[in-house]
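A short worksheet on the structure shown next.
The values are calculated or read from the model by the stated rules, or taken from the named source; none is laboratory data. Not measured: the values here are computed from a predicted model. Quick reminder, even Gly has a Cβ in these numbers, built from the backbone with ideal geometry, and neighbours come from all protein chains shown.
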Amino acid sequence: MNRILLISLGMISLAIILAGCTQLIRTGGMELVPADDANILYTGRVDFTNPKAVRFDWPGILISANFEGSAIGARIIDGNNDYNIFIDGKPEGVLVTRPGIKEYTLVDKLSAGTHELVLSRRTEGYQGMAVFEGLLLDNGAKLLPPPARPGHRMEFIGDSITVGFGVEGPGIKCPSEREFKNNWKAFSAIASRELKAEYHIIAISGRGLVKDWGEKTSQSAEPMPVFFDRTLQNDAKLKWDFKSWTPDAVVINLGTNDYSAPPYPDEDVFVKAFEKLINTVREKYPETHIFVCNGPAQSPPFEKYLAEVLSSFKDKKLHRVELGRLKDEELGCDWHPNEAAAKRLGMELAAAVRPAMGW
């Protein structure tokens, strides 16, 4: 079941049948449950402009469903992104999408009875957009009412550490980038699951608060805050409806890229940008707790500037979180946290959030 088997594309029948309240379209020996079926549960910022062709590109997007049958597949137009497959809470391999292929069997030869699917996007917006058209089931099988959503909500604003860049890498030097990303194992996702919280990940590798990684100037045209109001990283025109989903807690982990190499942002510019981001989050979420991280890979100026930023607020729901520095044995690709480090950081974050939230 760890293999990802391609379903023959074949000819799609024009016949449409109804099974309960689920519309099924016959295709290649299996039946398509369209993306707008009420029994498919989405987690994360997702574009439903075309409800039968749902778009997303942020890391950590989850597609969940309960189903009956011996197999389940997905129709997804992608080609550049990877997804963890979980059945009944257990990992069943990775869906590696390929250009020109849009129908995949996720698992087959399952035991009789009902099962739960969770499809988790490992990769990030740099790998491009995905268009999800629905799930594929055995003939005559159906979806069941979806899993319940967690009782708490968390949103993350961050960079590659929040994404889970290099978390599965064998060490500092990795032969490629895509295959070693896995948001499921990032500290953000780990802390959320520990706290039993639904989570949204608004994070892009290499982005800073003011200056992105590798920039030759002290400020960038599109640092991370530029993307905060987008439904999709790769669509600047489609704005997120902040009233549609309100987090109980927002976690900000930015600043590592700003001071990774000279020229560095001026203190005044950096502090004002940080204050502006916090004020923007507070404007969107008046009652939400905001946790600002002194992250595991910050350069010396950051701690001083963070203290200056936080001292300017009289906000009892604004918190500072200390995350332990990375050790040599905790390094994945390009000096990022590996699995052990991400787990430690996730638990440190959860320990800081829990008492403040009463969770």
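Residues of region 120-158 that are over 16 Å from the mean Cα position of the chain (by Cα), small (Gly, Ala, Ser) and in a strand (DSSP E or B): GLY134 alone.
To keep it simple, each residue is scored yes or no on (1) assigned by TED's automatic domain parsing to the domain that holds VAL321; (2) among the charged types (D, E, K, R).
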site: ASN139; (1), (2): no, no
site: THR162; (1), (2): yes, no
site: VAL167; (1), (2): yes, no
site: GLY171; (1), (2): yes, no
site: PRO175; (1), (2): yes, no
site: ARG178; (1), (2): yes, yes
site: TRP184; (1), (2): yes, no
site: ALA191; (1), (2): yes, no
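Of all residues in region 23-40, those that are assigned by TED's automatic domain parsing to the domain that holds LEU62 and among the small types (Gly, Ala, Ser) have Cβ atoms under 7 Å from Cβ atoms of residues that are assigned to a loop (DSSP other than H, G, I, E, B) and modelled with pLDDT of 90 or more, 6 or more apart or on another chain, in ALA35/PRO51; ALA35/LYS52; ALA35/ALA53.
Taking the numbered list (1) surrounded by 24 or more Cβ atoms within 10 Å (Cβ to Cβ); (2) touching a residue at least 60 places away in the same chain (Cβ under 8 Å) in turn, LYS211 passes all entries but (2). The one condition from (1) crowded, with 21+ Cβ neighbours inside 10 Å; (2) free of Cβ contacts under 8 Å to residues at least 60 places away in the same chain; (3) closer than 15 Å to PRO337 by Cα; (4) among the small types (Gly, Ala, Ser) that SER220 does not meet is (3).
The criterion of at least 3 residues that are surrounded by fewer than 21 Cβ atoms within 10 Å (Cβ to Cβ) and not hydroxyl-bearing (Ser, Thr, Tyr) is met, among strands (runs of 3 or more DSSP E) falling completely within region 62-119, by 82-87, 90-96.
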